[in-house]
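Working notes, structure below.
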Amino acid sequence: MSERKPLYESPGVKGKRGFEDLECYQLAVEVMAKIHAFSKTLPPNEKFDMYAQIRRASKNATGNIGEAYGRYHYLDSLHYYSIARGELNETLARLIDARVLEYINQPDFESLYKLIRQAEQTLNGYMSYVRRQRAGSQEYGDKKLSEDSAEYEVDLLDDENVDTETGKQGNT
């Protein structure tokens with residue numbers, strides 16, 4: 001497989017930058033860029049529906065890969081990589097919707113389909129690598145890190161004594 005030309009130039013040193021060096025991230029960026037280009041061809045009545053959903057899902061895939069890479073414990077990282085995989089699949093689901101609704105022709109659909117599946121397969125491979133490395137397990141064990149749930153106190157407001165503009169209780 002030939003090396004892809006990156007869609008952007010990172011100022012960091014190649015191989016020492018971080019998540020930007022991951023092939024799964026680079027493929028997800030390519031998916032995002034191509035999905036954004038495709039979304040511009042959608043009919044105007046899809047602007048607040050498919051247009052927004054497919055663009056958001058494709059951007060969430062790259063964002064979750066970046067977030068996962070920044071997590072210390074491998075189980076925490078895997079959680080975000082898994083979300084990224086879900087976002088790639090949501091992007092694909094919206095693309096299938098677009099094909100069924102005849103917003104995209106078959107050759108363009110197939111090209112994007114293959115790219116999304118390649119990004120997903122590469123991400124799956126990286127997730128397997130992360131599982132084998134088990135970073136953070138020595139310090140924290142093999143349980144996922146999480147915060148305790150917060151308890152909140154709720155005061156019920158007297159509807160007759162609430163300012164409808166500010167939502168604050170008091171004389172109106």
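The values are calculated or read from the model by the stated rules, or taken from the named source; none is laboratory data. Just so it is clear, the model here is predicted, and its values are computed rather than measured. Ideal geometry is used to build each Cβ from the backbone, glycine not excepted, and the neighbour counts take in all protein chains shown.
Taking Leu7 and the conditions (1) surrounded by fewer than 16 Cβ atoms within 10 Å (Cβ to Cβ); (2) out of contact with any helix residue (DSSP H, G or I) (no Cβ under 6 Å at 6 or more places or on another chain); (3) farther than 21 Å from Gln133 by Cβ, which numbered condition does it fall short on, given that it satisfies the others?
The one condition Leu7 does not meet is (2).
Does Arg71 meet the test of being charged (D, E, K, R), part of a loop (DSSP other than H, G, I, E, B) and crowded, with 16+ Cβ neighbours inside 10 Å?
In short, yes.
Which one is farthest from Val29 (Cα to Cα), of the residues in region 98-108 that are part of a helix (DSSP H, G or I) and not acidic (Asp, Glu)?
Out of the qualifying residues, it is Val100.
If you take the residues of region 109-139 that are farther than 22 Å from Val31 by Cα, part of a helix (DSSP H, G or I) and of a type in the set (D, E, K, R), which of them is modelled with the lowest pLDDT?
Ranking the candidates gives Glu139 first.
Looking at Glu30, Glu9, which is the one that is of a type in the set (Asp, Glu), closer than 23 Å to Tyr126 by Cα and at pLDDT 95 or above?
Glu30
Search region 6-57 for residues being among the acidic types (Asp, Glu) and in a loop (DSSP other than H, G, I, E, B), and hand back the single one that is nearest to the chain's Cα centre (by Cα).
Asp49
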